[in-house]
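Asker: There's a structure below that I have some questions on.
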Number of protein chains: 4
Amino acid sequence: MVEYQQILNTIYERLRVVKNKGEVAHYISELATVDPTNFGIYLNRIKGDNFCVGNWDIPFSIQSISKVLSFAKAFSLQKNKVFNRLDVEPSGNPFNHMALLELENGIPRNPFINSGAIVIADILVSELENPKQDFLNYVRDITNDPTIDFDVKVAVSEAETGYNNYAAANLLKSFGNLQNDVEEVLDFYFHQCAIAMNCKQLSDAFYLFANRGKCMRGIAHLTTNQVKRINAIMLTCGFYDEAGEFAFEVGLPGKSGVGGGIVALLPNEFTITCWSPGLNEKGNSLLGMQALELFTTETKQSIF
Amino acid sequence: MVEYQQILNTIYERLRVVKNKGEVAHYISELATVDPTNFGIYLNRIKGDNFCVGNWDIPFSIQSISKVLSFAKAFSLQKNKVFNRLDVEPSGNPFNHMALLELENGIPRNPFINSGAIVIADILVSELENPKQDFLNYVRDITNDPTIDFDVKVAVSEAETGYNNYAAANLLKSFGNLQNDVEEVLDFYFHQCAIAMNCKQLSDAFYLFANRGKCMRGIAHLTTNQVKRINAIMLTCGFYDEAGEFAFEVGLPGKSGVGGGIVALLPNEFTITCWSPGLNEKGNSLLGMQALELFTTETKQSIF
Amino acid sequence: MVEYQQILNTIYERLRVVKNKGEVAHYISELATVDPTNFGIYLNRIKGDNFCVGNWDIPFSIQSISKVLSFAKAFSLQKNKVFNRLDVEPSGNPFNHMALLELENGIPRNPFINSGAIVIADILVSELENPKQDFLNYVRDITNDPTIDFDVKVAVSEAETGYNNYAAANLLKSFGNLQNDVEEVLDFYFHQCAIAMNCKQLSDAFYLFANRGKCMRGIAHLTTNQVKRINAIMLTCGFYDEAGEFAFEVGLPGKSGVGGGIVALLPNEFTITCWSPGLNEKGNSLLGMQALELFTTETKQSIF
Amino acid sequence: MVEYQQILNTIYERLRVVKNKGEVAHYISELATVDPTNFGIYLNRIKGDNFCVGNWDIPFSIQSISKVLSFAKAFSLQKNKVFNRLDVEPSGNPFNHMALLELENGIPRNPFINSGAIVIADILVSELENPKQDFLNYVRDITNDPTIDFDVKVAVSEAETGYNNYAAANLLKSFGNLQNDVEEVLDFYFHQCAIAMNCKQLSDAFYLFANRGKCMRGIAHLTTNQVKRINAIMLTCGFYDEAGEFAFEVGLPGKSGVGGGIVALLPNEFTITCWSPGLNEKGNSLLGMQALELFTTETKQSIF
């Protein structure tokens, strides 16, 4: 039997003393104030037991990790119809995301790059009655935790400097791939990204992706087939321009955010969340990537 | 001596009967209502005589032609400082203007592509006390015609659907190359493009570029050197992705707009404006291009 | 227990009558002559049993599938040193593979796009004493089948029209990322792609990737870690610009070739090869893709 | 009357003492050996008088300047048919010339980028009986100087390291836009670039472009219209990615080469050649650009 707690402890002790912890995201001013020494891991096994270490209970801004949850909601509402408005291929190119959108006539490469997530936000704004509240409730439901909330300061902070997202939303609009107002869609999007969760909550929220669509409370939110597809997109597109590297080094579907969180999962086995606010040059948590690599190497558990 | 009136008449008679007059721009709804059979030419010689034919006296939306006038104003105000914020190279690539801006870190290729003109608008919003009115007065001054005005309906119409310009302005902002608010800059920009002028007025306005910087009233607005540079940019960048073609076929510095106008000039000799609302696939007036080609072939006058 | 034979039979019967079988690759003249009605599947389970249907025993040109085998050989020889000369990220962009190579200064995106495979070929030409023969022997060894051979006609045919590969190799050379002569490297590369194998042989060759590095004869050719990494690259980069789609629809690491073959595998469970020469517009076997999608849907077996 | 000799002398004295003379091209090994202190100017007036200063009589490798001459020859042979195989728009983009060729399906942007010049070389290889000798004779004819010759060492040197040109030629071939063998076309191309001429000879060779198509010996090689078009292409495309800058700073049609030569001309007035082997970062002669800017500023002569 794998000694999970011992492995987590070893990883934690080994990495917490690393000098280079990366750089905390500073383009969203609210995120820049987070203490860079925070470091936590939470492992949630499908079988029921769970393990944790460090600052697993401090909430942080989930940022792009929210894209998996918004996509899951939109996918469950619109089924394959969502793929009329976006693709599922890796974006590949670090230089020119706007360029790609332009070249491909306003069809985002996948739901996890910003332009794709904005299209998904647009779908939810159209489909939900009270978009922000309804989506928050969805996250609370699947996590089985009604205390989860937006960090409004972060949402406001992002709206103030999110020119690149305004550019992407307007470009989508110019291609006819945004149905609601730019302001309304981005207001939803900035709030979605500004949800605050801790490592436990994220591991619990992603439980359904490791459990064939059934959440912590045993309710089926997605079909087995839909979950398989979401996991596939996480693996190929979940880590900005480092998706190949993550698949290569870690070998699990997962998603990172600039708040320093990374969630990953092994179908039918576990979900695991690491949090360390310092980012590598690709925008993924530096310690988080290392922790997950150590974890899959140590446990010899990966999808490959 | 060149028989200008006869040449204009011949060109007019030959082209007015052409069946394929191109397609009137429809992305700005107000422009879509213009009568496509309008066709006029006005030649303004530096020596003092002038010649005209057809609907030379009907005002139309000058659109991108305004970019030369706004650049001239900004250049006269900030001198070479303007080149800290934009380049003077042809854009070359028809596919991906947004891409280019992204690849080159928010420095527009030249002042005549949209992103470049938006940077110039930003400069004028910063430099002028009452930006819209002051710029309008500048155009009236150099043209010596106080009746020139904005077509506010066109400005409003463009603001409603100008998502691509909103995208470009926000992208510039994300690169730190826009100092004022996106809304304020684009309001100025949409008004600038919505100035209505007829062929005579445009030929009079561009007189200063053919007359070493001195306008119709004999006042020097630009140095000889500045005029030389503006003419060079018109030649290399004045016709979207057809700049090379225009230099090649016509051989004059010039600028076109999606309202169907084209102004061109031979330094020390003349300015000439053609107007026909139907556009070719590159967005330049179809008959206008042909008229100017016939004119330079017939008169054997070009800069080459 | 899964009824593999029955599932294969059902898939075979269902797809063999499909009218649209795609188009046989015609850019290599020798491949254009293959009978498009060929259709075979071979399943090789790690536990020892195997299943087959249709034309599983007719050899075909493995083409790009060879890139996995050449990479495996180079990886086992040079270990992580190979990553000094290429990356492991998806290429993403269907339009401009040469462009990508140029933008990224001659470092191919991954070992499965042409430029990357040419770099790997260059490594093998440097490392192997008799490159072509030694590599052929390697393929025979891991497959445990000494009858496998090059189809020299195909190699010659490809050399005659492989201008794009000559362009890529010269571009690599101009960036200093090709150590041997262009001609020598491409001669190796064209032969590697021209190996002829049938569905059984391919399933046997790829056995080692599903069996933690040990081939059919039980010999370890790669470490567990290396195999995990190769599988990750297959998943993210194995299907040209359809890698995301394949991960999404099928959910297995795999590799396709323009000869119409596709190999896929589930670690510790099986390898499976489909062959049908007609390709979809992305260059992957049309029936092969459908067969594998049906197979993983029917068996509910995928890595996700 | 303009005091040409005095102006040339002033420019020469002012620039010869400049410390930063740029860097001599080193990617062609033969060119790297040229003495960087060479500096010469030769002005050839259409009226018959001429002026010179410095090392105007030392031959250097004309390199890309030859592209104007090969295009002129091909244009005179095939008329507008040449434009079926290439365009006349500026290339615009410094990053990715190969990319551009790929995106635009093998149609080079203009005859002065390498891929375009290779297409022109292909045309001449098809059209001329003894391509290399016939082209050399053409250059001798228009220059009225039978002593002009290839510098074979330079041609050989370029062939040895010209991988980028091999890449471009093969890419053209893959798009069906090269009719002859890659080797044969590039052999012609490398020789064409390796013609050695001094400032006087180049000014004499380009006389026909300033003289409505008639060469020094009064023979018409091109129509007035063809000359106008070649001059237009020189202005918009003659200086790699600095074409806009040159039009802007100098205001004359011209062409540069990595050998450090620049030829420019004012129609009906003069041709002028500067030579200084040190290049700026864009690959144009550093002193040559400055000399021409001073010349047009001093003489107030430009096409604008």
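Asker: Beyond 26 Å between alpha-carbons counts as too far, so tell me which of D:K81/D:K173; B:K282/D:K255; D:K132/D:K214; B:K79/D:K300; D:K21/D:K47 fall in that bin.
Answerer: Details: D:K81/D:K173 19 Å; B:K282/D:K255 28 Å; D:K132/D:K214 23 Å; B:K79/D:K300 20 Å; D:K21/D:K47 33 Å.
Pairs exceeding 26 Å: B:K282/D:K255; D:K21/D:K47.
Asker: Taking the full set of protein chains and a 1.4 angstrom probe, give the accessible area of A:R14 in square angstrom, rounded to the nearest 10.
Answerer: 150 Å²
Asker: Here's another thing I want to ask about it. Quick one: label points 7 angstrom along Cα→Cβ at A:N268, distances to the other copies in nm, smallest first?
Answerer: Computed spacing set for this position: 1.0, 8.6, 8.6 nm.
Asker: In addition: Work out, step by step, the length gained on full extension between C:T33 and C:D49: first 0.36 nm times the residue separation, then minus their alpha carbon distance; give nm to one decimal. The partial results should precede the final answer.
Answerer: Numbers: separation 16, 0.36 × 16 = 5.76 nm, distance 3.38 nm.
Extra length available between C:T33 and C:D49 comes to 2.4 nm.
Asker: If you don't mind, another one. Under a Cβ-only charge scheme (Lys and Arg +1, Asp and Glu -1), can you give me the dipole magnitude of chain C about the Cα centre, in debye to the nearest 20?
Answerer: 900 debye
Asker: Using only Cα atoms and rounding to the nearest 10 degrees, what angle (0 to 90) does helix C:66-78 make with the longest principal axis of chain C?
Answerer: 60 degrees
Asker: Classify the range C:19-93 as rounded, prolate or oblate from the Cα gyration tensor: take a ≥ b ≥ c as the square roots of its eigenvalues, call it rounded if a/c is under 1.5, otherwise prolate when a/b beats b/c and oblate if not. Each step should come with its number before you reach the end.
Answerer: Working: a/c = 2.50, a/b = 1.41, b/c = 1.77.
Oblate is the answer for the range C:19-93, as a/c is 1.5 or above yet b/c matches or exceeds a/b.
Asker: Among D:H191, D:H221, D:H26, whose mean-square fluctuation peaks in a Gaussian network model of chain D (Cα, cutoff 10 Å)?
Answerer: For chain D, modelled as a Gaussian network with Cα springs under 10 Å, the answer is D:H26.
Asker: Run the label-point distances for A:E183 please: 7 Å along Cα to Cβ, every other copy, nanometres, shortest first.
Answerer: Going from nearest to farthest copy, the values are 0.6, 6.9, 6.9 nm.
Asker: Let me ask something else. If you average 1/r across every pair of different Cα atoms in the protein assembly as shown and take the reciprocal, what Kirkwood value do you get, in Å? Show your work: numbers first, answer last.
Answerer: On the way: mean 1/r = 0.0303 Å⁻¹.
Result for the protein assembly as shown stands at 33.0 Å.
Asker: Also, quick follow-up: On a 0 to 90° scale, report how tilted helix A:4-16 is relative to the longest principal axis of chain A, with both axes built from alpha carbons and the result rounded to the nearest 10.
Answerer: 80 degrees
Asker: Please list, short to long, the whole-number percent of alpha-carbon pairs of the range D:235-302 in consecutive 5 angstrom bins beginning at zero.
Answerer: Per 5 Å bin, starting at 0, the Cα pair percentages come out as 4, 20, 33, 28, 12, 3, 0.
Asker: A drop of at least 30 square angstrom in accessible area, chain alone versus all protein chains together, probe 1.4 Å. Which residues of the range C:269-304 meet that?
Answerer: C:I303, C:F304
Asker: Report the residues of the range D:150-177 in range of a label on C:E183: point 7 Å along Cα→C-beta, backbone N strictly under 17 Å from it.
Answerer: Zone members listed by number: D:159-163, D:166-167, D:170.
Asker: Starting from the Kirkwood radius over alpha-carbon pairs of chain B, derive D by Stokes-Einstein at 20 °C in a medium of 1.002 mPa s and give it in µm² s⁻¹.
Answerer: 113 µm²/s
Asker: Shifting gears a bit: Could you name every residue in the range B:186-233 that has 30 Å² or more less accessible surface in the full protein assembly than in its own chain alone (probe 1.4 Å, ligands and nucleic acids excluded)?
Answerer: Those residues are B:K228, B:R229, B:A232.
Asker: What does the buried accessible surface come to for D and C, summed over both chains, with the probe at 1.4 Å? Round to 100 Å². Before the final figure, lay out the partial values.
Answerer: Working: alone 12760 and 12760 Å², together 24180 Å².
Result for this pair: about 1300 Å² buried.
Asker: Next question, about the same structure. With labels modelled as points extended 7 Å from the Cα through the Cβ direction, what inter-label distance (nm, one decimal) is found for A:E281 paired with D:E160?
Answerer: The two pseudo-label positions are separated by 3.5 nm.
Asker: Also, I was wondering about something else. Compute the relative contact order of chain A as a whole-number percentage, counting only Cα pairs closer than 8 Å that sit 6 or more residues apart in sequence. Spell out each step's value before the answer.
Answerer: Details: 602 pairs, mean separation 81.8, N = 304.
After rounding, I find 27 percent.
Asker: With every protein chain kept in place and ligands, DNA and RNA left out, what is the accessible area per residue of the range B:4-299? Probe 1.4 Å, answer in Å². The partial results should precede the final answer.
Answerer: On the way: 9940 Å² over 296 residues.
With all protein chains present, the range B:4-299 gives 34 Å² per residue.
Asker: Could you check how much of the accessible area of the protein assembly as shown is carbon and sulfur, as a whole percent, using a 1.4 Å probe? Display every interim value, and only then the final one.
Answerer: Working: 19750 of 42180 Å².
Reported share for carbon and sulfur atoms: 47 percent.
Asker: Between the helical axis of A:131-143 and the dominant principal axis of chain A, each derived from Cα atoms, what acute angle in degrees is found, rounded to the nearest 10?
Answerer: 20 degrees
Asker: Placing the label point 7 Å from Cα along the Cα-to-Cβ direction, what are the distances from D:P146 to the equivalent spots in the other copies, shortest first, in nm to one decimal?
Answerer: In nanometres, ordered from closest: 7.2, 7.5, 10.4.
Asker: With Cβ to Cβ distances under 13 Å as the rule, what net charge do the other residues near B:I7 carry (K, R +1; D, E -1)?
Answerer: Details: positive: B:R14, B:R45, B:K300; negative: B:E3, B:E13, B:E293, B:E298.
Once all neighbours under 13 Å are counted, the net charge is -1.
Asker: Taking the simple approach of a point 7 Å from Cα along Cα-to-Cβ for both D:I58 and B:N9, what is their distance in nm?
Answerer: Each label point lies 7 Å from its Cα, and together they span 6.3 nm.
Asker: Where in the range B:131-170 does accessible area fall by at least 10 Å² between the isolated chain and the complete protein assembly, at a 1.4 Å probe radius?
Answerer: B:Y163, B:N164, B:Y166, B:A167, B:N170
Asker: Now for a separate question. Based on C-alpha coordinates, I'd like the Rg and Dmax of the range C:174-213, in Å.
Answerer: 15.2, 41
Asker: Quick check: from the Cα gyration tensor, does the range C:162-304 come out rounded (a/c under 1.5), prolate or oblate? Don't jump to the answer; show the numbers that get you there.
Answerer: On the way: a/c = 1.88, a/b = 1.41, b/c = 1.33.
Prolate, because a/c is 1.5 or more and a/b exceeds b/c.
Asker: Please label the shape of the range B:32-164 as rounded, prolate or oblate, based on the square roots a ≥ b ≥ c of the eigenvalues of the alpha-carbon gyration tensor (a/c under 1.5 means rounded; beyond that, a/b larger than b/c means prolate, else oblate). Mind dumping the intermediate values first?
Answerer: Numbers: a/c = 1.65, a/b = 1.40, b/c = 1.18.
Taking the square roots of the gyration eigenvalues as a ≥ b ≥ c, the range B:32-164 is prolate.
The values are calculated or read from the model by the stated rules, or taken from the named source; none is laboratory data. Not measured: the values here are computed from a predicted model. Methodologically, a virtual Cβ is constructed for each residue, glycine included, from the backbone with ideal geometry; neighbour enumeration extends over all protein chains shown. In case anyone asks, the SASA skips ligands and DNA or RNA and just uses the protein heavy atoms, side chains included. Shrake-Rupley method; radii C 1.70, N 1.55, O 1.52, S 1.80 Å.
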